[in-house]
Amino acid sequence: METTIHNTILITGGAGFIGSNLSEYFLKLGHKVICLDNFSTGHRHNLQDFIENPNYKLIEGDIRNLEDCKTAVQGVDYVLHQAALGSVPRSINDPITTNDVNVSGFLNILVASRDAKVKRFIYAASSSTYGDSEGLPKVEEVIGKPLSPYAITKYVNELYAEIFSRTYGLETIGLRYFNVFGRKQDPDGAYAAVIPKFVRQLMNHESPIINGDGNYSRDFTYIDNVIQMNDLAIRTQNQTAINTVYNTAFGDRNTLNDLVKYLKQYLSEFDPKIADVEVTYGENRAGDIPHSLASIEKAKTLLEYNPKYSLQEGLKQAVSWYWNNLK
């Protein structure tokens with residue numbers, strides 16, 4: 001019988017969509033979880049199911065403050081660094097703040113983790129790092145030039161992580177997330193992700209606006225696949241599996257037109273009128289890459305990754321959650 005070793009895990013950005021899902025998962029396994037968040041994009045309601053858990057600790061602080069980072073990493077075994085300012089358009093509108101959080105903040109938490117001698121530093125990287133590379137599927141070792149300030153910051157994260165592994169011996173693993181979606185993802189705000197935003201609009205019988213003709217495609221990745229990758233990144237004892245980066249995706253692509261078709265289909269089971277909502281088409285968005293599809297062979301080989309949720313399976317779960325929580 002396998003004995004579970006209970007660890008202390010710091011999750012930066014732990015009040016955000018991905019961070020709060022990771023917190024809930026690892027608490028259920030019996031680990032201690034520390035959350036560091038400044039609530040700039042995270043939400044307290046994401047924490048309500050476990051805020052009273054004796055194994056959970058919330059630190060309100062900012063990764064741009066080195067002292068906050070040093071406080072948060074005390075006694076920590078593993079860091080899951082999720083804190084960042086996402087969104088390509090936000091980075092185009094305000095590159096300085098995006099850089100402060102995603103580069104300076106990243107370096108702070110790296111330094112604090114090194115000094116606290118954490119066992120492993122696992123961080124949210126991004127598919128935006130592939131930039132103008134046109135080849136499909138995207139393979140970890142072949143990237144292009146970044147197409148946005150956000151993409152630059154996420155690539156710099158990978159460079160810093162590699163240097164800290166080589167120079168200081170800090171174990172690092174980067175997870176290049178591809179269009180993650182699922183429960184707790186915020187549908188509101190100027191930079192809301194496409195799936196919760198479309199769900200909200202369809203539930204209100206409003207026309208979702210697709211940028212371009214709807215034929216851009218993405219490797220939409222359900223949250224539980226992402227949780228699996230973070231878990232595997234903590235657990236792996238394979239030395240060839242560390243100090244590198246992995247695509248974190250399902251390994252399939254769907255167009256935005258496909259996405260809306262599925263959303264209307266699944267939501268109309270709750271409200272038949274949604275099937276008749278029309279779609280509006282707008283301009284292509286600056287900094288967007290036309291097509292995104294991940295090769296997940298590296299993660300399968302080195303981490304034994306086995307994603308369970310396709311876009312359709314994940315959407316069924318997500319739509320049900322949104323229907324019960326957005327009303």
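Quick rundown of the values:
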| quantity | calculated |
| --- | --- |
| Solvent-accessible heavy-atom area per residue, rounded to whole Å², over segment 1-72 at 1.4 Å | 51 Å² |
| Reach of Lys300 by Cα under 20 Å, taken over lysines that are not fewer than 8 positions away in the same chain | Lys138, Lys308 |
| For segment 170-327: span of alpha carbons on each principal axis (Å, largest first) | 53, 33, 25 |
| Debye, to nearest 20: dipole size of the chain, +1 on Lys, Arg Cβ, -1 on Asp, Glu Cβ | 420 debye |
| Long-range amide H partners of Ser133 with built H, under 5 Å | Gly144, Lys145 |
| Segment 28-80 - convex hull of alpha carbons, volume per residue in Å³ | 91 Å³ |
| Helix-only CD estimate at 222 nm, as mean residue ellipticity for the chain, using -39500 (n - 2.57) per DSSP H run (n ≥ 4) | -11000 deg cm²/dmol |
| Segment 21-109, accessible surface, carbon-and-sulfur percent (1.4 angstrom probe) | 47 percent |
| Segment 302-310 - phi-based ³J(HN,Hα) in whole Hz, Karplus 6.51/-1.76/1.60, Gly and Pro as x | 8, 10, 6, 5, 9, x, 9, 10, 6 |
| Surrounding net charge for Gly75, when Lys and Arg each add one and Asp and Glu each subtract one, Cβ distance under 14 Å | +3 |
| Vicinal HN-Hα couplings computed from phi for segment 280-297 (Karplus, 6.51 cos²θ - 1.76 cosθ + 1.60; Hz; Gly/Pro x) | 10, 10, x, 6, 4, 9, 4, x, 6, 8, x, 9, 9, 8, 9, 7, 10, 5 |
| Relative counts (whole %) of C-alpha pair distances in segment 26-166, using bins that are 5 Å wide | 2, 9, 18, 20, 19, 15, 10, 6, 2, 0 |
| Sum of side-chain charges, Leu293 neighbourhood, beta-carbon under 14 Å (Lys, Arg +1; Asp, Glu -1) | -2 |
| For segment 276-315, projected area of the alpha-carbon convex hull averaged over all directions, nm² | 5.1 nm² |
| Local electrostatic count at Asn257 - Lys and Arg +1, Asp and Glu -1, tallied over other residues with Cβ under 14 Å | +1 |
| Contour excess over end-to-end distance, with Cα ends at Glu313 and Val139 and 0.36 nm allotted per residue | 60.2 nm |
| Rg/Rh ratio calculated on Cα atoms of segment 221-262 (Kirkwood radius) | 1.14 |
| Candidates Phe178, Phe270, Phe17: whichever shows maximal mean-square fluctuation once the chain is modelled as a Gaussian network with Cα springs under 10 Å | Phe270 |
| Protein-only accessible surface order, largest first, of Ile18, Ile96, Ile274 at 1.4 Å | Ile96, Ile18, Ile274 |
| Fraction of the pair-distance distribution of the chain above 33 Å, Cα-Cα pairs, percent | 22 percent |
| Label point at Asn325 placed 7 Å out along Cα→Cβ; residues across segment 219-237 whose backbone nitrogen lies under 20 Å | 220-231 |
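The values are calculated or read from the model by the stated rules, or taken from the named source; none is laboratory data. Values in this document were obtained by computation on a predicted structure and should not be read as measured data. Because the Cβ atoms are built from the backbone with ideal geometry, glycine has one as well, and the counts that use them run over all protein chains shown. For the accessible areas, the whole protein counts, side chains as well, though only heavy atoms, and no ligand, DNA or RNA atoms are used. Shrake-Rupley method; radii C 1.70, N 1.55, O 1.52, S 1.80 Å.
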